[in-house]
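Structure first, commentary second.
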Amino acid sequence: MSGRGRGLGAAALVLGVVGLVLGFGSFGYARTAYGGSVVQGSSMSPTYVRGDRVFFERVDGTQVRRGDVVLFSAPDRYGFTADVMNRVIGVGGDHVVCCTGGGSGAQVSVNGKPLQEPYVKDGDADGADKAYDVTVPKGRLFLLGDYRANANDSRFFAADHGGTVPVSAVQGRVTQSHSALVLIVVGMLAGVVSVLVGLGLGIAALAVRRRKAVPPVPPAPVRA
C-alpha cells in the first residue's frame, strides 16, 4: 500500500476506535450516572406536577443535603415498588419540629431555626395541622412533600423511626441542571461523527489500494 493509503488506513482505525470508545463510553456513563422519571402524583406540586419529566443523578443517600428533592423506594411503607419523590428536610442528627407560628405563618424548624420554604404550595408549611418533634437518627432522612396538605410523607409514619427513611432507600437526586446531560449527548454525537469520518477514510484507503493494485495498461505499438 502506498504511503498515502497507509496514512488513510491508520487515521481511519484511530478515528473509528476513538469514536466507539467515546460513543459507548458516554452512553454507558449516562445509563449508570443518570436516570429519568415521570411525576405520577401531586405531592410535590407546585414544584413538580403530574406528568412532568424529571432527571435525577444516581447518588448515594449519604450525599444528599437538606433541601434536595430525592426519589426513594419504600415498598414496605407504601405497598408499591415505584419510586416516591419528596424533599429532604432533615438529615441524621437534625431536630425537626412543626410548627412555629400558626396559620399561614406556620414554619417548620430544623435545629431551632425556622425554615424558609418558598417552594411549598400556597405558602402552607404545615398542611395537615399535625405537630411532630423528631430527632433524625443517623443514616436516615426526614422527608416532606411540597404540597403539605396532599402528601403522604414522613409525618404519617411516626412509629417507624419518627417517619424517617434510611439513606439506602434513596435512588437518586433530582437535578435542575442539564449541563452534564448536554455534555453526555455531545460526547455521544462526537463519537458517532468520529466513527463516520473513520469509515469514510477507510473507504478512501481501500480505493487508493485498489488503484495501485491495477497494473498499468501498456501503450499500443506504433505501426510504421
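The values are calculated or read from the model by the stated rules, or taken from the named source; none is laboratory data. Fair warning: this is a prediction, and the values are worked out from it, not measured in the lab. With ideal geometry, Cβ positions are generated from the backbone for all residues, glycine too; neighbour counts draw on all protein chains shown.
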Task: Residue within the stretch 44-52 that is of a type in the set (Val, Ile, Thr), closer than 10 Å to GLN171 by Cβ and surrounded by 12 or more Cβ atoms within 10 Å (Cβ to Cβ) present - done: no
- [ ] Would you tally the residues in the stretch 169-224 being within 20 Å of VAL59 (Cα to Cα), modelled with pLDDT of 75 or more and outside any loop (DSSP other than H, G, I, E, B)?
- [x] 7
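Okay, residues lined up against (1) farther than 28 Å from ASP133 by Cβ; (2) modelled with pLDDT of 95 or more; (3) loosely packed, with under 12 Cβ neighbours inside 10 Å:
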residue	(1), (2), (3)
GLN40	yes, no, no
PHE56	yes, no, no
ASP76	no, no, yes
VAL91	no, yes, no
SER104	no, no, yes
